[in-house]
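Here's the structure we're looking at; comments come further down.
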Amino acid sequence: MQFDQVQTPCFLIDESELTQNIRDFHAALDANFKKHIIGYSYKTNSLPYILKMMKALDCYAEVVSDTEYALAQKIGYNPEHIVFNGPIKGEECFLFALENGSIVNLDSHRELRWLEAAAKNSDKVYRVGLRVNFNLNRILPGETSAEDRGARFGFNVENGQFAEAVERLQ
């Protein structure tokens, strides 16, 4: 390859190095944690070549939208190996993900309502997490651009939203 002829933007991937990095990461986690997963962020780089490579390396798909969820399925992911994050989930995809065993990270009161409605009509146990935000600047001054404004997403610890969400989940 003639690097002086490469036009940008482009991605140059050293497949063997990337593969070894993922294997080393798996090994480090295996040595220290009984239960863990590695999720590959579709938002970061959604080239199907990379996505298929991550799937072959036993990484879960970490998606933030209905479109990315559909892409993960098209790549061949079983819903049980999809982590559904983000604040822009559609209700239909959200419910499909819940019912089919995806890990769904709740981001809003709207999603809590969807979950509560689904749980009323089912005896299933759903795999959910909560997206949490807190005043990071109070703990690490100057380490965040949010300063004292807080985060945009998730359930806030300081104002009680997180405790309320936990209570509703119980």
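The values are calculated or read from the model by the stated rules, or taken from the named source; none is laboratory data. What you see is a predicted model; the values in this text were computed from it and never measured. Cβ placement follows ideal geometry from the backbone for every residue including glycine, while neighbour counts extend to all protein chains displayed. In case anyone asks, the SASA skips ligands and DNA or RNA and just uses the protein heavy atoms, side chains included. Shrake-Rupley method; radii C 1.70, N 1.55, O 1.52, S 1.80 Å.
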Give the residue, chosen from 5, 73, that is over 14 Å from the mean Cα position of the chain (by Cα), at negative phi, surrounded by 14 or more Cβ atoms within 10 Å (Cβ to Cβ) and free of Cβ contacts under 8 Å to residues at least 24 places away in the same chain. 73
Unique residue being closer than 29 Å to residue 54 by Cβ, in contact with a Lys or Arg (Cβ under 6 Å, 6 or more places away or on another chain), of a type in the set (S, T, N, Q) and at pLDDT 90 or above when the list is 105, 100: 105
Kindly indicate the residue of region 85-126 that is under 17 Å from the mean Cα position of the chain (by Cα) and small (Gly, Ala, Ser) and also surrounded by the fewest Cβ atoms within 10 Å (Cβ to Cβ) among those meeting that condition. 90
When you go through 82, 22, 38 one by one, which is the residue that is touching a Cys at 6+ places or on another chain (Cβ under 6 Å), of a type outside the set (Lys, Arg) and open to solvent by less than 80 Å² (accessible area, probe 1.4 Å)? 38
Criterion first (open to solvent by 40 Å² or more (accessible area, probe 1.4 Å), out of contact with any Phe, Trp or Tyr (no Cβ under 8 Å at 6 or more places or on another chain) and modelled with pLDDT under 85) does residue 143 satisfy it? yes
Scan region 31-49 for residues that are in contact with a Ser or Thr (Cβ under 9 Å, 6 or more places away or on another chain) and modelled with pLDDT under 95 and report the count. 1
